[in-house]
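A.B. asks: Here it is: the structure, laid out below.
Read the figures in this text as sums done on the coordinates, not as results from a lab. Note that the structure is predicted; figures quoted are calculated from it, not measured. Glycine gets a Cβ as well: all are built from the backbone with ideal geometry, and neighbour counts include every protein chain shown.
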Amino acid sequence: MAVRLKRAGLHDLVLLERAHEVGGTWRDNTYPGAACDVPSHLYSFSFAPNPDWSRSFSPQPEIWDYLRRVAKDHDVVRHVRFGHDVTDAQWEPAANRWRITTTGGVFTAQFLISGCGPLADPAIPDIPGLESFQGTVFHSAAWRHDHDLTGRRVAVVGTGASAVQFVPEIQPVVGELKLFQRTPPWVLPRHDRDITRPETWVYRNVPLAQRAARTAIYWGRESYVLGFVHNPRLMKAVEGLARFNLRRGVRDPGLRAKLLPDYTIGCKRMLLSNDYYPALDRPNVDVVTEGIAEFQPDAVVTRDGVRHEVDTVIFGTGFHVTDSPIAQRLRDAEGVALADRWGDNMTALRGTTVAGYPNLFMLAGPNTGLGHTSQVFMIEAQIAYTMAALRHAARNRIDRVEPRADAQADYTAWVHRKMRGTVWVSGGCDSWYLNDKGRNTTLWPGFTWEYALRTRRFDPQRYHLRPEVPPAGLPPAAQSGTGGRWAGGAGAPPGEGRTGEGHTRQKEAVR
Ligand SMILES: Cc1cc2nc3c(=O)[nH]c(=O)nc-3n(C[C@H](O)[C@H](O)[C@H](O)COP(=O)(O)OP(=O)(O)OC[C@H]3O[C@@H](n4cnc5c(N)ncnc54)[C@H](O)[C@@H]3O)c2cc1C
């Protein structure tokens, strides 16, 4: 988002980041085995191809390096205020500004873009007795690298995307591993491999070749949508592959039975691994399917009364998604938090803007998540939409952009009509995609290109747009040429700017 804003000539921006480095997901998730599960040629920015990926699914350190490099190369870092946790943001209609309170001070901004991440706040289940546990406890997103797992008796809670990656890494090291599984995931083979030096040479010297590889991966991934959305029965072939993966990975039939899901593949996120099943088949691993009743100082106790003595507990229990903390911090003119406005039904026009919360854009907002391909693609589509809205505002001297409630409701109804019959709501599972009422408020129910098409242009007819109010005492005509949000002066659209007079006012207008 920052790169796009800067390219459009809008340099008066500030990025508020609670951590001390850029990188988000790929800075925080340093657990052993962390890697993307969408091939790197696609899981990267369209404007910053990286010919040097070492593997088809790159490991976390490489992705983090890439993000840091992109931020540095595009001169973004100097705009970041690290150690600034946004604790509150309130829309102030009289000032036409967001007042943003952070742990590092208060800021005001005309436009507020939330890029707080779809999976940024680790969730730990509320299990009785956890605080009494005497051993070491941590979440996979805050890995305790100072805690040596050699020979330990370890409980892993959860069998989602992170656990599937770190369990095979820690299994050979730990003494005993108890894996507490609520629902088994479907796990497909992972076609990971080194990217060879000749390939890297080609990608470096023939950028079109990398673009072609990216395009091929994109369309391969999109084909899943036919099964997810249009005909879940098509997923049978994919399920066959997952069953094969289970059969070849686990010899013990009793264990296989525990690990075989009873819902349609795709209903929960499909996972990729060649070594998860073989790791579970090792003698030092016990897959426990009985629910956890409580923690005791030295044990996890399951509902059948069995005490599992452990000295370390690792939660691979995912993130706050349908209850994203940022929604509790964004408040409208009356002070009502977005989380309260939403209740358990997150909605946003085009997954990005929300009635009652003017000049706010949410990246990775409601119903923009994916189960099959690169989230970065969706985020870039939202960025394009946000830029189109800002450009429209600049061109037309509009200082307040707010979706109409009826337009947002129509859009949401349409999304949920599309959602009917998809594998996520009809596949017979409970997942983090669903809210407490079983409504899928997280995923986009279609092809990602459909979303990109719908966000390509700004749609002013769906918005309340308030013309700029002239400064007191000045007739509107007197303003002409004296300012605007873009560096180029009044009404100059992004990329068409001049520098000069407008800049001073731009500063106060945007921040
Ligand atoms: C382990 C893991 C693996 C993943 N693998 C894939 C994958 O293979 N493919 C895929 O498409 N997606 C994957 N994802 C999803 C991933 O989150 C997105 O692809 C993408 O990284 C989101 O980028 P973002 O910038 O929106 O959010 P993030 O990368 O989460 O960044 C959000 C930033 O906002 C900051 N922040 C949050 N709240 C506040 C606040 N109140 N104040 C100040 N700063 C705040 C955070 O510190 C963070 O730096 C994965 C997620 C996880 C957790």
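A.B. asks: Normalised by the empirical 2.2 N^0.38 Å for globular proteins, what value does the Cα Rg of region 346-481 take?
C.D. replies: 1.23
A.B. asks: Only helical DSSP H runs with n ≥ 4 go in: add -39500 (n - 2.57) per run for the chain, normalise by residue count and round the 222 nm mean residue ellipticity to 500 deg cm²/dmol.
C.D. replies: -8500 deg cm²/dmol
A.B. asks: Suppose R0 equals 30 Å; then what is the FRET efficiency for Thr289 and Arg247 from their Cβ-Cβ distance, rounded to the nearest 0.05?
C.D. replies: 0.95
A.B. asks: Could you sort 126-135, 342-351 so that the peptide with the highest average Cβ count within 10 Å comes first and the rest follow in order?
C.D. replies: Ranked from most to least packed, the peptides come out as 342-351, 126-135.
A.B. asks: So, one more: Sort 325-335, 202-212 by packing, meaning the average of other beta carbons within 10 Å per residue, with the highest value first.
C.D. replies: Listed from highest to lowest mean packing, they are 325-335, 202-212.
A.B. asks: Specify the angular offset, from 0 to 90 degrees and rounded to the nearest 10, of the alpha carbon long axis of helix 375-395 from the longest principal axis of the alpha carbons in the chain.
C.D. replies: 10 degrees
A.B. asks: Report the far tail of the P(r) of region 52-126, meaning the percent of Cα-Cα pairs longer than 21 Å.
C.D. replies: Beyond 21 Å sits 51 percent of the P(r) for region 52-126.
A.B. asks: A 19 angstrom limit on the alpha carbon distance is what I want to check against. Which of Lys236/Lys268; Lys178/Lys258; Lys236/Lys437 exceed it?
C.D. replies: Listed pairs above 19 Å: Lys236/Lys437.
A.B. asks: Compute the convex hull volume of the Cα atoms of region 93-233, divide it by the residue count, and report the result per residue in Å³ as a whole number.
C.D. replies: Per residue, the Cα convex hull of region 93-233 comes to 308 Å³.
A.B. asks: Between region 115-151 and region 393-435, how many Å separate their Cα centres?
C.D. replies: Their Cα centres are 32 Å away from one another.
A.B. asks: Where does each of 239-246, 395-402 land if you order them by average Cβ count within 10 Å, highest first?
C.D. replies: Highest to lowest by the protection proxy: 395-402, 239-246.
A.B. asks: Pop a pseudo-label 7 angstrom from the Cα along the beta-carbon direction at both Arg282 and Ala384 and give the gap in nm to one decimal.
C.D. replies: Taking the simple label geometry, Arg282 and Ala384 are separated by 4.5 nm.
A.B. asks: Give me the tail of P(r) for the chain as a percent: Cα-Cα pairs with distance above 36 Å.
C.D. replies: Within the chain, distances greater than 36 Å cover 36 percent of Cα pairs.
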